[in-house]
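Inspection log for the structure reproduced underneath, given as structure tokens.
The values are calculated or read from the model by the stated rules, or taken from the named source; none is laboratory data. Here the structure is a predicted model, which means the values were calculated and not measured. Here the Cβ positions follow ideal geometry from the backbone for every residue, glycine too, while neighbour counts run over all protein chains shown.
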Amino acid sequence: MPAGVNKRLGMAVNLNRCVGCSACAIACKSENNVPPGRLRRWIHEKTAGRFPDLKMQIWSESCMHCEDAPCVHSCPTGASHVDAATGTVQVHPELCTGCKACMASCPYDARYVHPDGYIDKCTLCVHKLEHGEEAACQSICPTSAIAVGDLDDPTSEISRWLRDRNALVRKPEAGTKPKFFLVE
């Protein structure tokens, strides 16, 4: 964890609650003025097993806000960085040259080119969290399938979920230490 981090914010999605309704993706687009045809958040579907014993999992996904973020390491200008107050991965649009090094290094395909020429992604709605509000995706979810909070606060909802349920991360082999969890 970088020196000076006050919080270690993360996100979890409950696989037993998410129904893939896209309310979170729409709320994110609205809250953050995401341009048409671009997404900071999307719905992922996975089917596992063999017929007739198939299981479908659906979840909402976004930037993983990795502790060892390849996008930050590959950014030549420092535009992609770890926010010291929240431990989240952020982008300074004014420093971004649009070179796409961060996009190439992200194993989760969590970034896009904004029409204004910079690379954009989920901010975990830190602008809302700093004022005691919930992230847009969390506040709108009709099944309460999303938890956002401080991973180091044992009383936070996300910490309770991670403590009480089986938690998975996407692509653990990438070694990025994502702070985005899928819980069962």
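A few points about this structure:
- Test for Cys102: is it within 28 Å of Pro76 (Cα to Cα) and crowded, with 16+ Cβ neighbours inside 10 Å: yes
- Among the residues making up segment 40-76, those that are out of contact with any strand residue (DSSP E or B) (no Cβ under 9 Å at 6 or more places or on another chain), at pLDDT below 95 and of a type in the set (D, E, K, R) are Arg50, Asp53.
- Looking only at residues of segment 84-132 that are assigned to a loop (DSSP other than H, G, I, E, B) and acidic (Asp, Glu), we find that the one that is nearest to Asp68 (Cα to Cα) is Asp109.
- Selection from segment 30-72 of residues that are surrounded by 12 or more Cβ atoms within 10 Å (Cβ to Cβ), free of Cβ contacts under 8 Å to residues at least 40 places away in the same chain and either over 13 Å from Val13 (Cβ atoms) or out of contact with any Asp or Glu (no Cβ under 8 Å at 6 or more places or on another chain) (or both): Val72
- Against the numbered list (1) touching a His at 6+ places or on another chain (Cβ under 8 Å); (2) modelled with pLDDT of 95 or more; (3) in a strand (DSSP E or B); (4) among the β-branched types (Val, Ile, Thr), Val13 comes up short only at (1).
- For segment 18-43, the set of residues classified as assigned to a loop (DSSP other than H, G, I, E, B), within 20 Å of His127 (Cβ to Cβ) and not aliphatic (A, V, I, L, M) consists of Asn32, Asn33, Pro35, Arg38, Arg40, Arg41, listed by residue number.
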